[in-house]
Amino acid sequence: MPTYDLTCKDCGEKFDRFVMRLLRDDDKICPKCGSVNVGVGFGGGILGTGSGSDSRGSRTCGPGAFG
Ligand SMILES: [Zn+2]
């Protein structure tokens, strides 16, 4: 589902638009301050931090086969 992640560049308000089409200028209006200076991103795609304990031991830099 196309969800656009919008961020107002004036007041920093973050909101999203759910439209089945391209965004128009009317959609890119901050609901908080009414500014049209809104940045458009893509929402619901990138998940940064993962859950679960990351107890994976990192391999230390030892004397390996180098050359
Ligand atoms: Zn705003």
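Read-outs throughout are calculated quantities, based only on the coordinates presented, and are distinct from any laboratory measurement. Quick caveat: nothing in here was measured; it's all calculated off a predicted structure. FYI the Cβ positions are ideal-geometry reconstructions off the backbone, even for glycines, and counts take in every protein chain you see.
In vacuum, with every alpha carbon of region 3-42 counted as one equal point scatterer, what does the Debye formula give for log10 I(q)/I(0) at q = 0.14, 0.18 Å⁻¹? Two decimals, please.
These q points yield log10 I(q)/I(0) values of -0.23, -0.38.
What are the ³J(HN,Hα) values, in whole Hz, obtained from phi via the Karplus relation 6.51 cos²θ - 1.76 cosθ + 1.60 with θ = phi - 60°, for each residue of region 14-19 in sequence order, with x given for Gly and Pro?
10, 8, 9, 10, 10, 10
Can you give me the distance in nm between label points at Phe15 and Cys33, each placed 7 Å from the Cα along the Cα-to-Cβ direction?
Result for the modelled spin labels: 1.4 nm.
Please give the FRET efficiency for Asp5 paired with Asp25, using the beta carbon to beta carbon distance and R0 = 25 Å, rounded to the nearest 0.05.
With a Förster radius of 25 Å, E is 0.90.
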